[in-house]
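Working notes, structure below.
The values are calculated or read from the model by the stated rules, or taken from the named source; none is laboratory data. Keep in mind that this is a model prediction, so the values were computed, not measured. Cβ sites come from the backbone with ideal geometry, for glycine too, and all protein chains shown count toward neighbours.
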Amino acid sequence: MSNEAKVGAFTLAGIVLLAGFLFGLSNFHLFGTKNYSLHIGFTEVIGLNPSAEVLFAGVSVGRVKSVETDGMGAVVNVEIKPEIKIPRGSKFSVGTSGFLSEKFVSISPGTDRGDYLKDGEYVYGISEVTMDSMMANMNMAVNKIHDLLESVNNILGNPRLQTSMVETAVNIKDITANMRDLTGSLSRMAVNSETDIQQMVKNLNRMSASLVETAAEVEVLVKNFSGDGETGANLRMAIANLASTSARIENMAKSVEGFVTDPQTAEDLRATLHNARGVSEKANNMLGGLSKGHFEAGLEEMYSSKGHDWQTNFDMRLYPSADNFFLLGVNDIGDGNRFNAQVGKQGGALGVRAGVIDSKVGVGLDVDAGSRWRFSVDGYDPNHAKVKARVRFKVTDNWSIFSQMNHVNDSDRRATYFGIRHDF
């Protein structure tokens, strides 16, 4: 064979290989079955580009060929691999795996009854959720919360309830004031008459026991009341009187301790000192709780394109001190109603939590990056280990946007949500 023939043969072979490679890239089938087409109608599609993936139950089965408009909406033309059979009644939607990820066409399989979509058929898709619709749903949820808070305010603002609380606080203040006067009289009796020391110790013991009961009632009232104004002032005065009275009783008991020789009187004196010190500690703790604690609450609305799942979440944090808190809340209100009850500690940019997460035992970690970013991860459910992660960005003092991934450690159930949060 001549050199010219050899060169021509190699050139022809190269052209054939190149053509086969190009046909493969373009899904062109010279022999065998070619891909089949479907036309999907949407009200609108934003950010979906030609050549985007088509996922069937999360598996890539084709590509978007083109995106057009028919004057009434958008038509997405897709090509599906020939071996893929899509049951009639399957749901078509546009999804994304995150805020910055490319969009894709998602097909959720319908019930397989042996009837499948054919080449060239037109089907209707489920329009994607826009930011405007999300904001509308969020505003509706905020309005519901406002209505709820208004109802609670109407209950607490009832004049009869307020009057009862004020009268209770005033009565406690009067009782403690009278007991303070009585302890003053007893102190004068101890100076003027040594023969009445035993009787005085018994009276002190009874008074200290009464103080313990009064302190318990005041503690319950403080736990159910966090406001200021006249009632708050009366409560603080009553607690201060408790502390002052218990201190007087303790000082009086100590002053007569050296004169007591009777065993029963000595035992009464020890009980008096124990009760007085306990009341003083309770009063100081209640005064500190009224001045240091604060309360925070938040409402969230989030959406996942996987299963088109909406969730509304509510949580509140109670801070008895600057670095300790209690977290209570409900996730997926009205559907899953999963309960949260956790205790936590915040140290600088790092926070740790432990307790009940989504109605299961678990622990959580929060890391703040500056004043706007927060990264969180929760591990829970010891029987079926679950992990979820979240990143949140604070747009304003009261509004934030976030992305959350559930079931991070389970690829079959993994779902990404994005949403909006309003803090109260």
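For segment 394-424, a tally of residues being polar (S, T, N, Q) and surrounded by 15 or more Cβ atoms within 10 Å (Cβ to Cβ) returns 5.
For Tyr319, indicate whether it is in contact with a His (Cβ under 6 Å, 6 or more places away or on another chain) and of a type outside the set (S, T, N, Q). The answer is yes for Tyr319.
Here Thr396 meets the list (1) more than 25 Å from His308 (Cβ to Cβ); (2) of a type outside the set (Lys, Arg); (3) in a strand (DSSP E or B); (4) over 16 Å from the mean Cα position of the chain (by Cα) almost entirely, failing just condition (3). Does Gly8 satisfy being modelled with pLDDT of 70 or more, over 24 Å from Phe104 (Cβ atoms) and outside any strand (DSSP E or B)? So Gly8 fits the description; yes.
Of all residues in segment 87-96, one or more are under 38 Å from the mean Cα position of the chain (by Cα) and modelled with pLDDT under 90. Of the residues Gly355, Gly334, the single one that is of a type in the set (Gly, Ala, Ser), more than 20 Å from Arg374 (Cα to Cα) and surrounded by 13 or more Cβ atoms within 10 Å (Cβ to Cβ) is Gly355. Taking the listed residues Ala349, Ala341, Ala322, the one that is within 10 Å of the chain's Cα centre (by Cα), more than 30 Å from Phe104 (Cα to Cα), exposed (fewer than 15 other Cβ atoms within 10 Å of the Cβ) and not assigned by TED's automatic domain parsing to the domain that holds Gly95 is Ala341, with no other qualifying. No other residue among Glu128, Glu121, Glu167, Glu150 is at pLDDT 75 or above and either under 28 Å from Ala74 (Cβ atoms) or of a type in the set (Phe, Trp, Tyr) (or both) apart from Glu121.
Just name the residue that is nearest to Gly62 (Cα to Cα) out of those in segment 85-123 that are of a type in the set (Ser, Thr, Tyr) and in contact with a Phe, Trp or Tyr (Cβ under 9 Å, 6 or more places away or on another chain).
Applying the first criterion (of a type in the set (Ser, Thr, Tyr)) to segment 85-123 yields 90, 93, 96-97, 101, 106, 108, 111, 116, 122.
Pick out the ones that are also in contact with a Phe, Trp or Tyr (Cβ under 9 Å, 6 or more places away or on another chain) and you get 90, 93, 96-97, 106, 108.
On the way: Ser90: 16, Ser93: 15, Thr96: 16, Ser97: 18, Ser106: 11, Ser108: 14 Å.
Checked segment 85-123; the qualifying residue nearest to Gly62 (Cα to Cα) is Ser106.
Only residues that are among the small types (Gly, Ala, Ser) and touching a Ser or Thr at 6+ places or on another chain (Cβ under 7 Å): list them for segment 344-371, please. Working first, answer last.
Here is the first cut: in segment 344-371, the residues among the small types (Gly, Ala, Ser) are 344, 347-349, 351, 354-355, 359, 362, 364, 369-371.
The answer is Gly364, and nothing else.
Results for (1) in contact with a Phe, Trp or Tyr (Cβ under 9 Å, 6 or more places away or on another chain); (2) part of a loop (DSSP other than H, G, I, E, B); (3) among the polar types (S, T, N, Q); (4) not assigned by TED's automatic domain parsing to the domain that holds Pro320, shown as yes or no for each residue.
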position: Gly336; (1), (2), (3), (4): no, yes, no, no
position: Gly364; (1), (2), (3), (4): yes, no, no, no
position: Asp368; (1), (2), (3), (4): yes, no, no, no
position: Gln404; (1), (2), (3), (4): yes, no, yes, no
position: Asn409; (1), (2), (3), (4): no, yes, yes, no
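At least 2 residues being surrounded by 15 or more Cβ atoms within 10 Å (Cβ to Cβ) is the threshold, and among the strands (runs of 3 or more DSSP E) wholly inside segment 64-133 those reaching it are 74-80, 91-96, 103-108.
Which pairs turn up if I take residues in segment 306-319 that are modelled with pLDDT of 90 or more and look for partners that are outside any strand (DSSP E or B) with beta carbon separation below 6 Å, at least 6 apart in sequence or on another chain? Close Cβ pairs satisfying both conditions: Gln311/Asp332; Thr312/Ala141; Thr312/Ile333.
For segment 70-124, residues that are within 30 Å of Ile401 (Cβ to Cβ), touching a strand residue (DSSP E or B) at 6+ places or on another chain (Cβ under 8 Å) and polar (S, T, N, Q) total 5.
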